[in-house]
Amino acid sequence: MSFYAKIDAKLKEALKAKDKITLDTLRGLRAAIKNKEVELQRKLTEAEFYQLVAKQIRQREDAIAQFKKGNRLDLAEKEEKELEILKQFMPPPLSDDELEQLVRQVIAEVGAKGPQDMGRVMKEIMPRVSGRADGKHISALVKQILSEK
């Protein structure tokens, strides 16, 4: 099922259930998708969709932290619900072992010799993990493995 169809199905469920938070979140997601498509002048690829959802998730996480810091627990709770809704559209995350195996494979493919080749490795690995691992975690792992060489 394409991500468009999945969003539409969830939107219909939310309409029938009269779930306002889910409705608002999915409408916001569709608007973000439409804006990105207009910007790119084409339909989104699956990787671009995951990047967009990951960005929406990061925004919610930042908002939750700010609302909790400002002692606005009601708004933080709303953002947490939206965060859970958005996470449904992400692929299952890679385990640490799978990620390490993939990083080592990419390092071998690229022929990286040390930390100076980190950019080439990151450029190759990021599209492969699209939304399945955190960029900071990947970067730290690549740096660790390259410094062993």
Q: For volume of the Cα convex hull per residue in Å³, several values are listed as [x] 119; [y] 94; [z] 144; flag the one computed from this structure.
A: [z]
**Q.** Contour minus Cα-Cα distance for ALA108 and GLN59 (0.36 nm per residue)
**A.** 14.2 nm
Q.
What whole-number distance in Å separates the alpha-carbon centres of the stretch 63-86 and the stretch 127-143?
A. 26
Q) Highest GNM mean-square fluctuation, the chain, Cα pairs closer than 10 Å: which of LYS20, LYS34, LYS55? A) LYS20
Q. For LYS81 and MET126, what does the FRET efficiency come to when R0 = 25 Å and r is the distance between their Cβ atoms, rounded to the nearest 0.05?
A. 0.30
Q: Show that you can apply the helix-only estimate: for the chain, add -39,500 (n - 2.57) for every DSSP H stretch of four or more residues, divide by all residues, and state [θ] at 222 nm to the nearest 500.
A: -26000 deg cm²/dmol
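Values in this text are rule-based calculations from the coordinates and carry no lab data. What you see is a predicted model, and the numbers here were worked out from it, not measured in a lab. Please note: Cβ atoms are built from the backbone with ideal geometry, for glycine as well, and neighbour counts cover all protein chains shown.
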